[in-house]
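In what follows, a single structure is set out as C-alpha cells and then discussed.
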Amino acid sequence: MRTSKALLGVLMVVVLGMGTAAQAEDASYIGLKKCSMCHKKDAGGNQLAKWEAGPHAGAYETLASEEALAVAKELGIENPQADPKCLKCHVTAFSVMADLENQKITMEEGVSCESCHGAGSGYYKKATMQGITDGEIEAASVGLMEPDEAVCKVCHNEESPTFKSFDFAKASAKIAHPIPEATEEAAE
C-alpha cells in the first residue's frame with residue numbers, strides 16, 4: 001500500500017510538472033489584486049504592506065514628480081508616464097500595454113509582484129502554491145521566479161538616467177518580504 005501511495009505521489013508530480021511547464025510559457029499577468037488576496041495577511045508575512053511601504057509601489061507615480069519631469073525634459077521626453085523609455089522599468093504592465101484593456105494588471109500598480117516573480121497565472125492558485133511549498137511542484141515550471149541580481153539589473157543599471165550604483169545585497173534586504181514558514185524552515 002505504501003508503494004502505491006508513493007508511486008501515485010510521483011505520478012502526480014510528473015503530471016503536474018508537465019502541465020505546468022506549458023502554463024509557465026503561456027503565463028499572463030493576474031495583477032496586484034489577485035496576488036494580495038493571499039499576501040496581505042500578517043500570519044503569512046503581509047508582503048503587500050511591505051511592498052506598499054517600499055519604492056516599487058510608487059514607481060509609476062514617481063514619473064509625475066517634478067524631479068522626473070525635469071529629467072524627462074533633459075532627455076527630450078514630454079510625458080514620462082507615457083514614454084516607453086520610462087515605462088519599461090516603472091510599470092509591470094509595460095509588456096502588455098498594447099492590450100491593457102484586456103489585462104488584469106494596471107500601469108498604476110507600478111513595479112508590482114509580477115515584475116520580480118514572473119507573470120502569475122500559472123502559480124497564483126492556492127493548490128499550486130501549496131505544491132511549491134511542499135516540494136511537489138518546481139516553482140519555475142509554473143512561472144514563479146526567485147528574483148536575483150540579474151532580474152533587478154534589468155532596470156537598476158547604467159541605462160537609467162538617475163542611476164548611481166546598485167548593491168543587490170543591500171537593495172534586496174530593504175525590500176525583503178519572505179513568507180514566515182519558508183524563513184523558519186530555511187533556518188532549521
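Couple of notes before you dig in:
- Of residues in the range 75-86 being assigned to a helix (DSSP H, G or I) and open to solvent by 60 Å² or more (accessible area, probe 1.4 Å), the one nearest to Glu159 (Cα to Cα): Lys85
- Of all residues in the range 39-68 being open to solvent by 70 Å² or more (accessible area, probe 1.4 Å) and assigned to a loop (DSSP other than H, G, I, E, B), the one that is nearest to Ile175 (Cα to Cα): Pro55
- Qualifying positions in the range 1-38 - aliphatic (A, V, I, L, M) and either at pLDDT 50 or above or not in a helix (DSSP H, G or I) (or both): Met1, Ala27, Ile30, Leu32, Met37
- For the range 108-148, a residue qualifies if it is within 22 Å of Leu63 (Cα to Cα) and in contact with a Leu (Cβ under 7 Å, 6 or more places away or on another chain), and the qualifying residues are Glu109, Ser112, Cys113.
- Options Ala127, Ala72, Ala182; residue that is closer than 23 Å to Met37 by Cβ, assigned to a helix (DSSP H, G or I), aliphatic (A, V, I, L, M) and modelled with pLDDT of 95 or more: Ala127
- Where Glu158 falls short, out of the listed (1) assigned to a loop (DSSP other than H, G, I, E, B); (2) open to solvent by 40 Å² or more (accessible area, probe 1.4 Å); (3) within 17 Å of Tyr60 (Cα to Cα): (3)
- Tally, over the range 37-92, of residues that are small (Gly, Ala, Ser), in contact with a helix residue (DSSP H, G or I) (Cβ under 6 Å, 6 or more places away or on another chain) and in contact (Cβ under 8 Å) with a residue 24 or more places away in the chain: 3
- Evaluated against (1) under 21 Å from Gln47 (Cβ atoms); (2) free of Cβ contacts under 8 Å to residues at least 40 places away in the same chain; (3) among the acidic types (Asp, Glu), Glu101 falls short on exactly one condition, (1).
- Residue within the range 140-147 that is open to solvent by 40 Å² or more (accessible area, probe 1.4 Å), more than 19 Å from Gln47 (Cα to Cα), of a type in the set (Val, Ile, Thr) and in contact (Cβ under 8 Å) with a residue 40 or more places away in the chain present: no
- Residue count, the range 157-168 (criterion: in contact (Cβ under 8 Å) with a residue 60 or more places away in the chain and under 21 Å from Glu114 (Cβ atoms)): 1
- Among the residues making up the range 111-122, a single one is open to solvent by less than 20 Å² (accessible area, probe 1.4 Å) and over 11 Å from the mean Cα position of the chain (by Cα): Gly122.
- Of residues in the range 161-181 being closer than 21 Å to Asn46 by Cβ and of a type in the set (A, V, I, L, M), the one least open to solvent (accessible area, probe 1.4 Å): Ala171
The values are calculated or read from the model by the stated rules, or taken from the named source; none is laboratory data. For clarity, every value in this text was computed on a predicted model and none was experimentally measured. Cβ sites come from the backbone with ideal geometry, for glycine too, and all protein chains shown count toward neighbours. Surface accessibility is based on the protein's heavy atoms, side chains included, excluding ligands, DNA and RNA. Shrake-Rupley method; radii C 1.70, N 1.55, O 1.52, S 1.80 Å.
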